[in-house]
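The values are calculated or read from the model by the stated rules, or taken from the named source; none is laboratory data. No experiment lies behind these values; they were computed from the predicted model shown. Cβ: placed from backbone, ideal geometry, glycine included. Neighbour counts: every protein chain shown.
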């Protein structure tokens, strides 16, 4: 009888070791085979942070990583920051990013860039539902755990859970792509310490692009916050309250000529009402061009396009936002 129990325990132990080695092997394979992109790199470098290195945490879409300059934040506040943002990140993803981040860091302030509060349905429908590299990369960058499983279950249809959970299925063919392997090896052996989650544009808006915006007609389309984004904003606000961490919503400035061609009041009205209902501070930089020092016609000074700032513009906006948050305290 004792021998039977011992054999059973040995079999269970062998099974557990097999699962462990398989999991580690698959994880290492994905690290080497995954097509490198900034979203994955942002997560990998986040997990490499020392405790306390994300005193200010920024989440949101490309507006977030093109706007908030960590060097300026540190110069003005003495606090370190990290931008856990990704291309087209909506508030659903931002919520889970914050939830995951809180397992490793204890930020003093969390900033949500307001453009993530849009009508984005997280690629749930359409010709190729659920399958977009931006959402995939954000999910894939997370470490395996309960938060990742929750993020997959809420952001993917059930039939796509396996697709989302096992990126090795999508990238196994990269064994033949030496550029991918070399890039990942170089990053892990040399480049991880030099990576920055801040990605401002290095170019400026051209005169022809600025002219196109100036000649564009007025678009009366109303800004829409999707139901899932509103729900997860409320979850994010509740999470921050539970953790005792102030949450701020900041709308990064967009090109003024473009703003005037849209029904921008519908945007500010909806976001203001939502943030006010959760007692969350909302700062709309598009209402403060003069204080920031942005001039719409001076396209070479601040903007890369109608949505994004370049490095000079990001410096000005970060200074203004930090001054505003400091005065608010």
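Can you say whether residue 95 is in contact (Cβ under 8 Å) with a residue 12 or more places away in the chain, surrounded by 15 or more Cβ atoms within 10 Å (Cβ to Cβ) and in a helix (DSSP H, G or I), as far as the supplied structure shows?
Judged against the criteria, residue 95 is a match.
Among (1) in a helix (DSSP H, G or I); (2) closer than 30 Å to residue 225 by Cα, which single condition is residue 197 missing?
Unmet condition: (1).
For region 108-134, which residues satisfy the criterion of being touching a strand residue (DSSP E or B) at 6+ places or on another chain (Cβ under 9 Å) and either assigned to a helix (DSSP H, G or I) or farther than 10 Å from residue 59 by Cβ (or both)? Outline the logic, then answer.
Within region 108-134, the subset touching a strand residue (DSSP E or B) at 6+ places or on another chain (Cβ under 9 Å) is 108-117.
Result: 108, 109, 114, 115, 116, 117.
If a residue must be in contact (Cβ under 8 Å) with a residue 60 or more places away in the chain and closer than 17 Å to residue 101 by Cα, how many such residues does region 234-252 contain? Lay out the reasoning, then the answer.
Filtering region 234-252 down to residues in contact (Cβ under 8 Å) with a residue 60 or more places away in the chain leaves 235-236, 239-240, 243, 245-252.
Narrowing further to those that are closer than 17 Å to residue 101 by Cα: 235-236, 239-240, 243, 245-248.
The total comes to 9.
Taking region 245-288, which residues are surrounded by fewer than 16 Cβ atoms within 10 Å (Cβ to Cβ) and modelled with pLDDT under 90?
Scanning region 245-288 gives a single hit, 260.
Go through region 125-141 and report how many residues are touching a residue at least 60 places away in the same chain (Cβ under 8 Å) and surrounded by fewer than 21 Cβ atoms within 10 Å (Cβ to Cβ). Lay out the reasoning, then the answer.
Our first condition is that a residue be touching a residue at least 60 places away in the same chain (Cβ under 8 Å); within region 125-141, this holds for 133-134, 137-138, 140-141.
Narrowing further to those that are surrounded by fewer than 21 Cβ atoms within 10 Å (Cβ to Cβ): 133-134.
Of the residues in that region, 2 qualify.
Across region 234-289, what is the number of residues that are farther than 18 Å from residue 325 by Cβ, over 21 Å from the mean Cα position of the chain (by Cα) and not in a helix (DSSP H, G or I)?
Within region 234-289, residues that are farther than 18 Å from residue 325 by Cβ, over 21 Å from the mean Cα position of the chain (by Cα) and not in a helix (DSSP H, G or I) number 4.
Out of (1) assigned to a helix (DSSP H, G or I); (2) under 16 Å from residue 91 (Cβ atoms), the odd one out for residue 209 is which?
Unmet for residue 209, out of (1) assigned to a helix (DSSP H, G or I); (2) under 16 Å from residue 91 (Cβ atoms): (2).
Out of 213, 218, I need the residue that is more than 22 Å from residue 141 (Cβ to Cβ), over 24 Å from the mean Cα position of the chain (by Cα), touching a residue at least 12 places away in the same chain (Cβ under 8 Å) and exposed (fewer than 13 other Cβ atoms within 10 Å of the Cβ). Which one?
On the way: 213 fails: exposed (fewer than 13 other Cβ atoms within 10 Å of the Cβ).
That would be 218, the only listed residue that is more than 22 Å from residue 141 (Cβ to Cβ), over 24 Å from the mean Cα position of the chain (by Cα), touching a residue at least 12 places away in the same chain (Cβ under 8 Å) and exposed (fewer than 13 other Cβ atoms within 10 Å of the Cβ).
Got a sec? Which helices (runs of 4 or more DSSP H) wholly within region 138-182 have at least 2 residues that are touching a helix residue (DSSP H, G or I) at 6+ places or on another chain (Cβ under 7 Å), within 23 Å of residue 91 (Cα to Cα) and modelled with pLDDT of 85 or more? Break it down stepwise before answering.
Details: elements: 146-155, 161-165, 168-171.
Where helices (runs of 4 or more DSSP H) fall fully within region 138-182 and carry at least 2 residues being touching a helix residue (DSSP H, G or I) at 6+ places or on another chain (Cβ under 7 Å), within 23 Å of residue 91 (Cα to Cα) and modelled with pLDDT of 85 or more, they are 146-155, 161-165.
What are the residue pairs meeting all of these: first residue in region 68-85, first residue on the phi > 0 side of the Ramachandran plot and surrounded by fewer than 19 Cβ atoms within 10 Å (Cβ to Cβ), second residue modelled with pLDDT of 95 or more and in a helix (DSSP H, G or I), Cβ atoms under 9 Å, and 6 or more apart or on different chains?
Short answer, once both residue conditions are applied: none.
So residue 172 passes all but one of these: (1) without any contact (Cβ under 8 Å) to a residue 24 or more places away in the chain; (2) loosely packed, with under 14 Cβ neighbours inside 10 Å. Which condition number does it fail?
Just one mismatch for residue 172, condition (1).
Please determine, by comparing only the residues of region 31-59 that are closer than 21 Å to residue 178 by Cβ and over 17 Å from the mean Cα position of the chain (by Cα), which one is surrounded by the fewest Cβ atoms within 10 Å (Cβ to Cβ).
31
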